[in-house]
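For reference, the structure is listed below as C-alpha cells.
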Amino acid sequence: MAMTRVSRRVLLAVGALALAAALAWTYQTGRLPGFPAKDQDPVAGRSGGGRGEGTVTVTAAKARLDDVPVTIDAVGTVQALNTVTIRTQVDGRLMRLAFTEGQDVRKGDILAEIDPALYQAQYDQAVAKKAQDEANLANARVDLARYERLLVGAYASKQQHATQKASVAQLEALVRADKAAIDNAKTTLDYATIRSPIDGRAGIRLVDVGNILHPSDQTGIVVITQLKPIYVVFTLPQQALPAVQKAEGKAKVSALGPDNATPIEIGELTVIDNQIDQQTGTVRLKATFANPNLALWPGQFVNVRLMLDTMKNVLVAPSQAVQRGPNGAFVYVLGPDNIAKMRPVTTGRQDETIAVVASGLEPGEVVITSGFSRLSDGAKARVMDPPETANAEKSGGAEDERGAPSDGAPRVRGDRTKRGDRTKR
C-alpha cells in the first residue's frame, strides 16, 4: 500500500514536469494563445507581423545650410569697475551721514561730515598768522626804502642797508610759509567733509552717527561700487588661448542666464591676462559690459559665451539626430515611404542644439531626431511632426533631452541607439 502511494506521487511529479516543459516550448515558439513569440516585437505581434513590419513613431527635421558661430563657454564672476571703501582722513565725531543706503551717488557728492570745529580753528589761526607776518613785511619794506635813500646821501651805512634787506627777505619767506600753512589747514578742514571719489552706488553704512572716527579704522564708513560699466572675469583652458588671441579686439562676450541660452548682456573682450596659471593650466580673461539696466551685479556668477568666429554656410542638423556607435557617428535618414536608413556621417562642432555635418548628409534631407530605442536600419517610421514645419534646432522627445554642457567644448553624446533590442511585455 505504501509503495502504491509513492508510485502515485512520482507519476504526479513527472506529469507536472512534462506539462511545464510543454508550456515553455509553446511560449518559446509563439504557439501559446494570447502571448507573442520571444523574438517578436509586442506591437508587431499584435499586428501579426515581425519587427520589420512594425511602425515606429519618431520626430524628424531637415538638414539645412546655416551660419554657425564658433563659441567657447565658461563660468565667470562679475566684478565692479571700481570699488572704494570710504574712510575718514581726520579724527573726529561723525556729525551727519548725507546719503541713503543703496543710493546712486555722483563724484563729489557729500557722503558724511566730521565735526569741523577744531580744524576750523586751526585754519583761522593760520590765516591770522599770515596777516600778522604780512604787516611786518610791509613795515620792513618801508624801512628798506628809507635806508636806500639815506645810503645815496651817505647818511646810512651799507651794513644797515644790507641788514634791512635781509630782514625783508626773511619776512617774505615767512609769509610764504604762512600761505602753505593756510593751505594745509584748509585741506584738513576739507577732510572733515567726506565726498564720493567716483560715480557709483552706496552700500549699507558701516558706522552710525555720533561715533568717534579715526583714519586707522578698518571698517570705514560705506563702500561705493561703480556698476556702469562692469567687468566679468572668467578662465579658459590654455589650449583655447591661440584662438582667443586671434580674435582679440573683435571678440564678443555674452553673459547668459541660468538656462545657458538667454543673453543677459553683450560685452567685449578687453583683457587677456599676461600669464597662465601653472596650477590649473588656465588663463584669466576680462570682458567689459555697459550694464545699462544693472542686469549684472558684483559677485554674481554667470555663464559666459565667448564668440570667436563664424562658420559660413555649413550643413547643420539637430544634435539629437547624431548618434554614436562602435563605428562612429551616424544618423537615420528618412527615405521614400518613410523607411529609416542608417547612414554614417562626419561631424564638426556640436552643441546642445545643432551639429555641423562635414560629410554623409545633403541639404534638405530629413533626419530622425527621436524614437531611437525602437528604431533600426530599414524600419518603417511614422513622423509625429512633419519635417516641413519641424525646426532644425527643436529639441527631440523627452527620452532624448540632454543637459547642455557649460565648458564650451564640443558636445559628444553617448550611443543612445539600441539596435536589435526587443521590448518585452
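Before moving on, here are some points about what is shown:
- Once the convex hull of all Cα atoms in the range 149-291 is built, its volume per residue stands at 329 Å³.
- Heavy-atom accessible area order for Tyr119, Tyr231, largest first, 1.4 Å probe: Tyr231, Tyr119
- Residues whose amide H comes within less than 5 Å of that of Ile264, counting only those at least five positions distant or on another chain, are Ala255, Leu256, Gly257 (H built at 1.01 Å from N in the peptide plane).
- Only protein heavy atoms count here; under a 1.4 Å probe, Ile212 has an accessible surface of about 100 Å².
- Violating pairs (Cα-Cα greater than 28 angstrom) within the set Lys107/Lys186; Lys228/Lys250; Lys107/Lys250: Lys107/Lys250
- Trypsin sites (Lys or Arg not before Pro) lying in DSSP loop within the range 97-132, provided at most 13 other Cβ fall within 10 Å: Arg106, Lys107
- Using the Karplus relation 6.51 cos²θ - 1.76 cosθ + 1.60 with θ = phi - 60°, the per-residue 3J(HN,Hα) values for the range 182-198 come to 5, 4, 5, 5, 5, 5, 5, 5, 5, 4, 5, 9, 8, 10, 6, x, 9 Hz, with x marking Gly and Pro.
The values are calculated or read from the model by the stated rules, or taken from the named source; none is laboratory data. This is a predicted model, so every value here is computed, not measured. All Cβ positions, glycine included, derive from the backbone under ideal geometry; neighbour counts span all protein chains shown. Please note that ligands, DNA and RNA were not included when accessible areas were found on the heavy atoms of the full protein model with its side chains. Shrake-Rupley method; radii C 1.70, N 1.55, O 1.52, S 1.80 Å.
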